[in-house]
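Novice: Here it is: the structure, laid out below.
Where a number appears in this text, it was derived from the coordinates with a stated rule and is not lab data. The model shown is predicted, which means the values in this text are computed figures rather than measured ones. All Cβ positions, even for glycine, are placed from backbone atoms using ideal geometry, and neighbour counts span all protein chains on display.
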Protein chains: 2
Amino acid sequence: MTRYQHLATLLAQRIEQGLYRSGERLPSIRSLSEEHGVSISTVQQAYYLLEEKQLIHSQPRSGYFVASRKAVPPVPALSKPVQRPVEISQWDEVLDLLSGRMETDMLLLGNGSPDLTQPTLKPLWKILSRQAQKQDPRILAYDSIVGCLPLREQVARIAIDSGCQLGPDDIVITNGCHEAISVAIRAVCEPGDIIAVESPSFHGIMQALRGFGIRAIEIPTDAVTGMSIEALELAFDQWPIKAVIVVPNCNNPMGFIMPEARKRALLALVQRFDAAIIEDDVYAELAWEYPRPVSIKSLDVDGRVLLCSSVSKTLAPGLRVGWVAPGRYRDRVIHMKYIVTGSTVTQTQYAVAEFIRQGYYQPHLRRMRQIYQRNYETFSCWVRHYFPCGICVSRPQGGFLMWIELPEAFDAVLLNRELRASGIQVVVGSLFSASGKYRNCLRLNFTFPLDARTEQAVALVGAAVERAIASCAA
Amino acid sequence: MTRYQHLATLLAQRIEQGLYRSGERLPSIRSLSEEHGVSISTVQQAYYLLEEKQLIHSQPRSGYFVASRKAVPPVPALSKPVQRPVEISQWDEVLDLLSGRMETDMLLLGNGSPDLTQPTLKPLWKILSRQAQKQDPRILAYDSIVGCLPLREQVARIAIDSGCQLGPDDIVITNGCHEAISVAIRAVCEPGDIIAVESPSFHGIMQALRGFGIRAIEIPTDAVTGMSIEALELAFDQWPIKAVIVVPNCNNPMGFIMPEARKRALLALVQRFDAAIIEDDVYAELAWEYPRPVSIKSLDVDGRVLLCSSVSKTLAPGLRVGWVAPGRYRDRVIHMKYIVTGSTVTQTQYAVAEFIRQGYYQPHLRRMRQIYQRNYETFSCWVRHYFPCGICVSRPQGGFLMWIELPEAFDAVLLNRELRASGIQVVVGSLFSASGKYRNCLRLNFTFPLDARTEQAVALVGAAVERAIASCAA
């Protein structure tokens, strides 16, 4: 037996005996080399052997982990929401979620905020600082109602990657994607109208609908391919639906990317019923595939798609720089934008424009995609390891969100309340349904450093879920 | 005859002969001293003599001006708007006004933007620059839904000057006063409701009402004392009015300060009919009287006043830092804020908080008040001088806006179109009425440097008005 085979056997025994638990990180190559007085390459070969036997698996830049003995959990089945338009509820739950932001020592596993600590953001700080040093009064003044031209030029440039041919005049800058969606809804609907949404669907969209007195009809949605076109057609046949809101790329909360054929089918259906599409593209640039998936907007021939996006997930949410490419609804969108906030913060618009113009955006995106994909791999191992069997987990293809479906009787509201005491917050699934469905679901994000604190938090959530399921069953 | 008497006689002759025109700036003391080979104090004494004779008048830091031979124009009479609730129109005109912001070489006499060039703003630039240098990720992150605590603490502090006892939890930060008013309206009303407004009333308020499907009833408003309480009572008797929106301090567009007794009477009336008051306080800190006039909010005992304000008129509009003190409507306001934009830009919130905390705000306000008051004195002389007789002009008591009423048949829309060609923009009065009244009125601002370009612009507007009136009469 060679040295590396000997070491591999020893490690395999330790795993067998439970000294290294399923999902746990194995000692670093250097520390094993020191512990056993063998060379680095011997340890490496031992790890390769164990990997071949599927006893361990490697994660780029994170090290080696004991393979989970649990099977990979299935994705959630096609959702089955209420088949009629409903008024949106759940505001109290959203408020509860938002109030977590104020508690600085809380680990916000439910927060939709990106990692703000990466070095590829440094040029943004420099740009902000230089702008202020120059004391250019322009950046303290009111901006134009449609947003500053240099930014609209850069947004048009990056829209090319989604397949869109847009000019600066096709874009209206907003206070983040949130305002973009708010004004898009107002531009295509009147109070009392019906809008079709994915189910589950982002709570920010839901509350915007509620705020404008619009009813939502939730359309069954597949965790891999997105909104069911067949179910949407049935809904169109039955109800006077004014618009469809979708997050087709790196969906919030499930992370899927709708296949291009389905995007085309969705657009064709919406054309047939002469409705509009509000497309939330905010996570799309974080898709792990390259080039990024196309937007529905890029397939649009008659201006019925309102593309909404921002830099809140790719750069930083506090900048409040978003936009809408409103197509044929431009005039209405500008009016609604004026009504809602009048104008958008000026300095950060110029800063984001400069950041893109100077070529810092694409390298930053590349890095963030890598980080989130790596985070996802580790995070999903942890979930598999620490959560009980019998759950369904979405398989994100980009972004930094994951949707977990627990048994029907499970109450995530109670879970969240319990976790609060341990300084952890998750998002309760019922926020993602107009009628309060998905109380048995959770949304987690994986933007956090993959350190002991995060792993411990996932372990805590998993243990709490296991206890709750046990008490449901009892 | 002494030297100074001799010089005074000479100057009086020149004025008589029209060599120095009515309203024109006289030569500086230094240049007259050089021209006539006399001492500085001789020229000063000559000017004092002419001032005593009311042939000239001095303006602090601006010099001496030839007294106008025209009588001071009267203020506009009590307005007589339509006496029923109406849907708001005039969006096209507002859009036209906003599009002027994009034309950089235009002299925007209609813009509601402050002077951004004063040295008392320098510390703000420094704070913005230092913040960015520190690279504190907090300022790129989502803020709490109610806004950052340090800012709410400072806003509570400055609210003391308006007579309000508020804590940080009584304040919700917004994207400028514009969003504050938007969410306040949504918090107290449902679509189809009726709100009472001043007449004329700021077009941003009008459009917010329109956007939410609310009808406005315009209440007769006095150019010196504000909204008629008697007329408001009649309106309350007749219509189910949900709220009253007022700009009681340094009114936009007329500049009046509502006397405290009338503020109390307004509040008592609104209490009797159990309605709400939305108080736009955004120009109040620029009142020329010191201490600043009290807010209606400060008189409120049962939380029915929603105080809306921002730093857009006092510091800089591009910061998008505003707030609402929503009283009993706090929960609704937070919900509407979430629906509309989700959160407010973070960096500028911290910057404004620091600017106030470090004591830079009050000195800046003092300076800006002095500048605008001085500007007003010169500007109103120019208006008197260059505009024809028979006009009414408001007498602002703070802020930087002036309202001019021309003969009934006058069309300010046509005037504005004509002025555009000369690179000048004014605000057409009809924007300030739900029913398109006040087409014979203009709003001008006096934030511009009092240089030859501005004087020439006022002269151009005056001449165009004179021509238009003549053609009306013909």
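Novice: Can you quote the Å³ per residue value for the convex hull of the Cα atoms in region B:363-474, rounded to an integer?
Specialist: 104
Novice: Order these peptides, B:276-289, A:351-364, by their mean beta-carbon neighbour count within 10 angstrom, highest first.
Specialist: The densest-packed peptide leads the list: B:276-289, A:351-364.
Novice: Using alpha-carbon pairs under 8 Å, 6+ residues apart, how would you state the relative contact order of chain A in percent?
Specialist: 21
Novice: Let me ask something additional. So how far apart, in nm, are the two label points at A:Glu34 and B:Ser41 if each is 7 Å from Cα heading toward Cβ?
Specialist: 8.9
Novice: While we're looking at this one, here's another question. Tell me, what is the FRET efficiency for B:Arg417 and A:Val224 to the nearest 0.05, using R0 = 41 angstrom and their Cβ-Cβ distance as r?
Specialist: E(calc), rounded to 0.05, equals 0.10.
Novice: Calculate the dipole size of the protein assembly as shown relative to its Cα centre from +1 charges on Lys and Arg beta carbons and -1 charges on Asp and Glu beta carbons; express the result in debye to the nearest 20.
Specialist: Using only the charged Cβ atoms, the result is roughly 1700 debye.
Novice: Which far-off residues, 5 or more places away or on another chain, put their amide H under 5 Å from the one on A:Thr221, with H placed in the peptide plane?
Specialist: Counting only residues 5 or more places away or on other chains, the set is A:Ser79, A:Ser199, A:Ser228.
Novice: Turning to a different aspect of this structure: Just want the answer: with Cβ charges of +1 for Lys and Arg and -1 for Asp and Glu, which residue in B:Gly423, B:Ile469, B:Ala434 is farthest toward the dipole's positive end in region B:418-474?
Specialist: Of B:Gly423, B:Ile469, B:Ala434, it is B:Ala434.
Novice: Non-local amide H neighbours of A:Gly147 (under 5 Å, H modeled in plane, Pro and chain starts lacking H): which ones?
Specialist: A:Ile173
Novice: P(r) of region A:41-137 in 10 Å steps, Cα pairs, percent per bin?
Specialist: So the P(r) values, bin by bin, are 10, 16, 20, 26, 18, 9, 1.
Novice: I need the per residue convex hull volume for region B:3-66, using only the alpha carbons, in cubic angstrom as a whole number.
Specialist: In region B:3-66, the Cα convex hull volume per residue is 75 Å³.
Novice: Quick one: if you stick a label point 7 Å off each Cα along the C-beta vector at A:Cys389 and A:Arg21, how many nm between them?
Specialist: If labels sit at A:Cys389 and A:Arg21, their model points lie 1.8 nm apart.
Novice: Same structure, new question: Take B:Trp239 and B:Arg264, extend 7 Å from each Cα along the Cα→Cβ direction, and tell me the distance between the two endpoints in nm.
Specialist: Each label point is offset 7 Å from its Cα along the Cβ direction, giving 2.9 nm.
Novice: Give the long-range amide H neighbours of A:Ile277: residues separated by 5 or more places, or on another chain, with amide H under 5 Å away, using H modelled in the peptide plane at 1.01 Å from N.
Specialist: A:Val244, A:Val305, A:Leu306
Novice: If every alpha-carbon in chain A counts as one equal scatterer, what log10 I(q)/I(0) does Debye give at q = 0.07, 0.10, 0.12, 0.13 1/Å?
Specialist: Calculated log10 I(q)/I(0) at the listed q: -0.40, -0.78, -1.06, -1.21.
Novice: Which lysines, on any chain, are close to A:Lys126 with Cα under 16 Å apart, when same-chain ones fewer than 8 places away are left out?
Specialist: A:Lys134, B:Lys126, B:Lys134
Novice: Counting helices only, and only those DSSP H runs with n ≥ 4, report the 222 nm mean residue ellipticity of chain B as the sum of -39,500 (n - 2.57) divided by its residues, in deg cm²/dmol to the nearest 500.
Specialist: After summing the helix terms and dividing by residue count, I get -13000 deg cm²/dmol.
Novice: If you take each beta carbon of peptide B:194-202 and count the beta carbons of other chains within 10 angstrom, what is the mean?
Specialist: Shielding by partners across B:194-202 averages 0.
Novice: Does region B:137-360 come out rounded, prolate or oblate by the C-alpha gyration tensor, with a ≥ b ≥ c the root eigenvalues, rounded set by a/c under 1.5 and, if not, prolate when a/b is larger than b/c and oblate if not?
Specialist: Prolate, since a/c reaches 1.5 and a/b exceeds b/c.
Novice: Which loop GluC sites (Glu not before Pro) in region B:393-474, with loop taken from DSSP, have no more than 15 other Cβ atoms within 10 angstrom of their Cβ?
Specialist: B:Glu408
Novice: I've got another one for you. Report D for the protein assembly as shown in µm² per second (integer): Stokes-Einstein, Kirkwood Rh on Cα pairs, 4 °C, 1.567 mPa s.
Specialist: Stokes-Einstein gives a translational diffusion coefficient of 42 µm²/s.
Novice: Here's a follow-up. Would you please calculate the Kirkwood hydrodynamic radius of region B:119-205 over all C-alpha pairs and express it in Å, rounded to one decimal?
Specialist: 16.2
Novice: Would you mind giving the mean number of other chain beta-carbons within 10 Å of the Cβ of each residue in A:111-117, as a whole number?
Specialist: For peptide A:111-117, the averaged partner shielding equals 3.
Novice: I need the Kirkwood Rh of region A:259-330: take the reciprocal of the average 1/r across all distinct C-alpha pairs and report it in angstrom.
Specialist: Here the Kirkwood hydrodynamic radius works out to 13.1 Å.
Novice: What full-extension length gain, to one decimal in nm, is calculated for A:Gln370 and A:Ala463 as 0.36 nm per residue of separation minus the Cα-Cα distance?
Specialist: Stretched fully, the A:Gln370-A:Ala463 segment lengthens by 30.6 nm.
Novice: Would you mind giving the mean number of other chain beta-carbons within 10 Å of the Cβ of each residue in B:143-150, as a whole number?
Specialist: Average neighbour count from other chains, rounded to a whole number: 3.
Novice: Turning to a different aspect of this structure: Per residue of region A:116-131, what does 6.51 cos²θ - 1.76 cosθ + 1.60 with θ = phi - 60° give for ³J(HN,Hα)? Whole Hz please, x for Gly and Pro, Karplus curve as stated.
Specialist: 9, 9, 7, x, 5, 8, 3, x, 5, 4, 4, 5, 4, 5, 5, 3
Novice: A follow-up question, please. Given R₀ = 41 Å, what would the calculated FRET efficiency be for A:Gln133 paired with B:Glu153, taking r from the Cβ atoms and rounding to 0.05?
Specialist: 0.90
Novice: Could you derive backbone 3J(HN,Hα) for region A:390-403 from the dihedral phi with the Karplus parameters 6.51, -1.76 and 1.60 (θ = phi - 60°), listing whole Hz in sequence and x where the residue is Gly or Pro?
Specialist: x, 9, 10, 10, 6, 10, x, 10, x, x, 8, 10, 9, 10
Novice: Spelling out what I want: for every residue of region A:46-55, take phi, set θ = phi - 60°, compute 6.51 cos²θ - 1.76 cosθ + 1.60 (Karplus), and round to whole Hz; glycine and proline get x.
Specialist: Going residue by residue, I get 4, 5, 4, 4, 5, 5, 4, 7, 6, 7 Hz, with x marking Gly and Pro.
Novice: When the dipole is taken about the Cα centre of region B:137-360, and only Lys, Arg (+1) and Asp, Glu (-1) are charged at their Cβ, what size is it in debye, to the nearest 20?
Specialist: Its charge dipole is roughly 480 debye.
Novice: Given charges of +1 on the Cβ of Lys and Arg and -1 on the Cβ of Asp and Glu, with all other atoms neutral, how large is the dipole of region A:90-187 about its Cα centre, in debye to the nearest 20?
Specialist: 620
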